[in-house]
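The values are calculated or read from the model by the stated rules, or taken from the named source; none is laboratory data. All values reported here derive from a predicted model rather than from experimental measurement. In this analysis, Cβ positions are derived from the backbone assuming ideal geometry, glycine residues included, and neighbour counts consider all displayed protein chains.
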Amino acid sequence: MEKFKERVDKIIASTGLMSRKDAKRAAAERRIRLNGAVIKDTSAKATEEDELTLDGRKILYKRYTYIMMNKPKGYVCSTDDPSSPIVNELLDEALQRLPLFSIGRLDKDTTGLIILTNDGPLAHSLLSPSKHVEKSYEFELEDPFEDGYFELFESGVVLDDGYVCLPAKLTRLGERRGAITVCEGKYHQIKRMFESAGNRICTLKRISIGGVKLDEALNCAEYRPLTDEEAAALKGHF
Ligand code: URA
């Protein structure tokens, strides 16, 4: 398959080093080289494999960016609620310039794993209901965990709107604590599942998505790029 090509000014801007306008100016000043040759026109295109330099320094171009973040409470995953801070504000300046969005949202009061990317096709595929991508959460309940939940969640909880959930795997971790794995993503799904069971979620933390686990070394609000293995695991669902 032919490698994807991107304009040089867009590549440079995507690294956060400078704006596209400044990249054009740098090219006019003969500061940009593509595979050794000076380029004065930044509409020239390069692939991930080409050698692009600015002032003699290599520019590492990756078409897509994948970030794992341990989302803290109080932040939202989309711009729908302008009164709340958005998770992108926790990223450094260069990453904030990229059009990154979260693959599947967490509620404002939910913590844990979110994956931020600009890879629209991958996000679309992972969120597709037909893919049944597994997501696991740890939770704390208001009332004690009941034995009856195992059968109820395995057979398919009926939500307040009549929707019958696909079977979910439950594990008890304490008197009021547990873990759950679901393979769909309805609005407020876990909270509504426990409401249907006559209980209430007090805290909710996502710990994995499609085989990618939250890195325990990440404190709340910290993030890091996905490793190549983690990105490959996500792409395995494509
Ligand atoms: N289910 C919920 O109820 N909330 C979340 O944030 C994620 C899943």
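Quick look at the values:
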quantity	calculated
Pick from the stretch 186-238, criterion aromatic (Phe, Trp, Tyr) and outside the structural domain of Glu142 (by TED's automatic domain parsing), ranking: farthest from the ligand (Cβ to nearest atom)	Phe238
Selected residue (only one of Asp147, Asp161 is away from the ligand (no atom under 16 Å from the Cβ) and not assigned by TED's automatic domain parsing to the domain that holds Gln96)	Asp147
Candidate set: the stretch 199-238, residues that are among the acidic types (Asp, Glu) and under 19 Å from Val87 (Cα atoms); chosen: the one surrounded by the most Cβ atoms within 10 Å (Cβ to Cβ)	Asp215
Residue selected from the stretch 170-185 under the condition within 11 Å of the ligand (Cβ to nearest atom) and modelled with pLDDT of 95 or more, by the criterion nearest to His237 (Cα to Cα)	Glu184
Residues of the stretch 86-101 satisfying the condition of being away from the ligand (no atom under 16 Å from the Cβ) and either closer than 22 Å to Lys235 by Cα or not small (Gly, Ala, Ser) (or both)	Asn88, Glu89, Leu90, Leu91, Asp92, Glu93, Leu95, Gln96, Arg97, Leu98, Pro99, Leu100
Unmet criterion (only one of (1) modelled with pLDDT of 95 or more; (2) closer than 19 Å to Pro129 by Cα) for Ala197	(2)
Any chance Tyr64 is aromatic (Phe, Trp, Tyr), more than 14 Å from the ligand (Cβ to nearest atom) and under 30 Å from Leu17 (Cα atoms)	yes
The listed residue being within 16 Å of the ligand (Cβ to nearest atom), of a type in the set (Gly, Ala, Ser) and out of contact with any strand residue (DSSP E or B) (no Cβ under 8 Å at 6 or more places or on another chain), out of Gly74, Gly36, Gly104, Gly112	Gly74
Complete set of residues in the stretch 51-88 that are farther than 26 Å from Leu214 by Cβ and either of a type in the set (Phe, Trp, Tyr) or in contact with a helix residue (DSSP H, G or I) (Cβ under 9 Å, 6 or more places away or on another chain) (or both)	Leu52, Leu54, Asp55, Ile59, Tyr61
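The rows are residues; the columns are (1) under 30 Å from Thr110 (Cα atoms); (2) of a type in the set (Gly, Ala, Ser); (3) not assigned by TED's automatic domain parsing to the domain that holds Thr117.
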{"residue": "Asp22", "(1), (2), (3)": "no, no, yes"}
{"residue": "Arg25", "(1), (2), (3)": "no, no, yes"}
{"residue": "Arg30", "(1), (2), (3)": "no, no, yes"}
{"residue": "Gly36", "(1), (2), (3)": "no, yes, yes"}
{"residue": "Ile39", "(1), (2), (3)": "no, no, yes"}
{"residue": "Ser43", "(1), (2), (3)": "no, yes, yes"}
{"residue": "Lys73", "(1), (2), (3)": "yes, no, no"}
